[in-house]
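Inspection log for the structure reproduced underneath, given as structure tokens.
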Amino acid sequence: MSLPISFKPKKNYKLIRLGRDNDGGYLVGSKTIKETKSLLSFGILDDCSFENDFKKKNSVEVFCFDQIKYKSYWIKRIYNDLGASIYNINFSFFRNTIFRYFEFKKFFKDKTNFLIEKHLVKGSLKKIIDEDNEIKKPLLIKIDIEGAEYRLLDEILLYQKFLSGLIIEFHDVDLNQEKIAKFIDDFNLHLTHIHPNNFGLKDEKGDPKVIEMTFEKNPLIVDGDNVLPNNLDQSCDQKNEEIELKFL
């Protein structure tokens, strides 16, 4: 089967990649990065590589939101990963955890980067934008919140005039195609990129269950057709094959 044709970018756009290799990296235009005054990132977990790369291009204030209790998270994570590394005699796994921990700590020592513990519900985005006077506009929003993104779509549309861009991961695409299609139709920003997250695997029709999308207000258009996958794309899970995108 195929995804709706509205899920495919209409033109070819100039994009760069921010974030670590494979899972954690996203494509967005350098013009959009430069026009952004604040970055809001929802669902950061242990990976701030995208936000770190963004700040190297444009040193804006970064507001990161997650419901994780980080005071206990890293203690448990390091303890568990050390045990797993000893059990499997694979210390590269533990070294990666330690690297992420220090990268995370270093990023949030910067007083212009904020880590806020928050459980996102319908109305959360509206409250954040309305009540936080530190958030400057236009802003870029990045969302990876494991299915809760659908609770924020109406608010994104409400505040779309304040956005320079949106990077969003949609989960359970097979169950929510109509919601996503309606959002694309109602959203004034241009869809500039789509990528399947192969951690989410495929539905019974062979389409990806999880997709990453980039939207931009003023993207740079380049000559040629939009070819997917983009040559900057990387599979999120190196152990699984990349999922081919087909559009109807």
| remark: Probe 1.4 Å, heavy atoms of protein chains only: per residue, the accessible area of the chain in Å² is 54 Å²
| field | Those GluC sites (Glu not before Pro) in region 112-192 that DSSP places in a loop and that have at most 11 other beta carbons within 10 Å | value | E134, E146
| query | What whole number of Å gives the distance from the Cα centroid of region 199-248 to the Cα centroid of region 68-147? | reply | 25 Å
| Long-range amide H partners of L115 with built H, under 5 Å | C64
| field | Calculated FRET value between E117 and Q177, using beta carbons and R₀ = 30 Å, to 0.05 | value | 0.40
| remark: Checking rank on 239-246, 220-227, with mean other Cβ inside 10 Å and highest first, the result is 239-246, 220-227
| request: For region 237-243, take each phi angle, set θ = phi - 60°, evaluate the Karplus expression 6.51 cos²θ - 1.76 cosθ + 1.60, and give the result in whole Hz per residue in order, putting x for glycine and proline. | output: 10, 5, 7, 10, 5, 5, 9
| request: Would you mind telling me the share, in percent, of accessible area of the chain contributed by carbon and sulfur at probe 1.4 angstrom? | output: 52 percent
| For region 45-56, what does the Karplus curve 6.51 cos²θ - 1.76 cosθ + 1.60, with θ = phi - 60°, yield as ³J(HN,Hα) per residue in whole Hz, taken in order and with x for Gly and Pro? | 6, 10, 10, 10, 5, 5, 4, 5, 5, 4, 5, 5
| note | Along region 24-31, Karplus-curve 3J(HN,Hα) (6.51, -1.76, 1.60; θ = phi - 60°) to the nearest Hz, with x for Gly and Pro, reads x, x, 9, 9, 7, x, 5, 5
| request: Provide the convex hull volume over Cα atoms per residue for the chain, in Å³. | output: 130 Å³
| task | Would you please give the FRET efficiency between N12 and K239, computed as 1/(1 + (r/R0)^6) with r the Cβ-Cβ distance and R0 = 30 Å, to the nearest 0.05? | result | 0.45
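The values are calculated or read from the model by the stated rules, or taken from the named source; none is laboratory data. Since the model is a prediction, treat every value here as computed from it, not as a measurement. When we count neighbours, we look across all protein chains shown, and the Cβ atoms used for this are built from the backbone with ideal geometry, even at glycine. Heavy atoms of the whole protein, side chains included, go into the accessibility calculation; ligands, DNA and RNA do not. Shrake-Rupley method; radii C 1.70, N 1.55, O 1.52, S 1.80 Å.
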